[in-house]
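The values are calculated or read from the model by the stated rules, or taken from the named source; none is laboratory data. Since the model is a prediction, treat every value here as computed from it, not as a measurement. Cβ placement follows ideal geometry from the backbone for every residue including glycine, while neighbour counts extend to all protein chains displayed.
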Amino acid sequence: MSIDPRVHELGPDRGTLRIRTYRQGIAARAGHDLVLEVASWRGTVVVPEAAGGAPSITVEIDLRSAHVVESTGGAKPLTDGDKEDIRRAMQKPLRIADHPVAVFRSTQVRVDGDAARIEGELALAGQSRPIELHVQRDAGGVFTGHVEILQSVWGIKPYTGFLGALRLRDAVDVDVSVSLPG
């Protein structure tokens, strides 16, 4: 996985950061599985010039900019008003008023061919926990990564509705896709 040695700036102009949520419970048919896209985020990938030096990665995610871009299931399609209600409903459990930005900082990057395992700390909702992101580069030079986040590990109570009959699954998927030169 050869990348030009320098500082690479990341953001929405170079890729996407998406969060996938899933419904469960007796009333799951009434709810929707969602894909949220984060419109405002930035990051840096520092690739050292010295042979054998490990890259470092930092990403800041403005949680206030997350918005619904896709939904599946549900009793009826989501309206723009429904999507805005979802955006507002996320604010409290994520403690966005006090912690509007989630931050990831790598602690170790292991590269194996066109794949990498990135270990680091994710600060979310006022708590910091370790995560591990798996990344793959395709033939076109696009890097895609995936990590599953358990909301409860960060003290986040997943959304419930209809007196608990509709629940958001604790595990959400975070998918990232970025393009870097080199």
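Within segment 126-159, work out how many residues are among the polar types (S, T, N, Q), in contact (Cβ under 8 Å) with a residue 24 or more places away in the chain and closer than 26 Å to Asp98 by Cβ. Final tally of qualifying residues: 2.
Residues that are of a type in the set (Val, Ile, Thr) and under 12 Å from the mean Cα position of the chain (by Cα) were ranked within segment 5-27; the one that is farthest from Ala171 (Cα to Cα) is Thr16. In this entry, Val103 is excluded by the filter for residues that are under 15 Å from the mean Cα position of the chain (by Cα), touching a residue at least 12 places away in the same chain (Cβ under 8 Å) and under 30 Å from Ala28 (Cβ atoms).
Within segment 156-182, the residues that satisfy the criterion of being assigned to a strand (DSSP E or B), at pLDDT below 80 and not aliphatic (A, V, I, L, M) are Thr160, Gly161, Arg167.
Please find, within segment 133-176, the residue that is nearest to the chain's Cα centre (by Cα) out of those that are among the small types (Gly, Ala, Ser), surrounded by 14 or more Cβ atoms within 10 Å (Cβ to Cβ) and over 21 Å from Gly11 (Cβ atoms). Filtering segment 133-176 for residues that are among the small types (Gly, Ala, Ser), surrounded by 14 or more Cβ atoms within 10 Å (Cβ to Cβ) and over 21 Å from Gly11 (Cβ atoms), the one nearest to the chain's Cα centre (by Cα) comes out as Ala171.
This table checks each residue for (1) of a type in the set (Asp, Glu); (2) at negative phi.
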residue	(1), (2)
Ser128	no, yes
Val135	no, yes
Asp138	yes, yes
Phe162	no, no
Leu166	no, yes
Ala171	no, yes
Asp175	yes, yes
Val178	no, yes
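Among the residues of segment 62-100, the ones that are free of Cβ contacts under 8 Å to residues at least 12 places away in the same chain and surrounded by 17 or more Cβ atoms within 10 Å (Cβ to Cβ) come to 0 in all.
Within segment 96-119, does at least one residue satisfy the condition of being touching a His at 6+ places or on another chain (Cβ under 8 Å) and in a loop (DSSP other than H, G, I, E, B)? Checked segment 96-119: no residue is touching a His at 6+ places or on another chain (Cβ under 8 Å) and in a loop (DSSP other than H, G, I, E, B). Once segment 20-49 is narrowed to residues that are among the β-branched types (Val, Ile, Thr) and surrounded by fewer than 19 Cβ atoms within 10 Å (Cβ to Cβ), the residue that is farthest from Ala116 (Cα to Cα) is Ile26. Exactly one residue out of Val153, Val174, Val111 is of a type in the set (Val, Ile, Thr), farther than 14 Å from Thr21 by Cβ and in contact with a strand residue (DSSP E or B) (Cβ under 8 Å, 6 or more places away or on another chain), and it is Val153.
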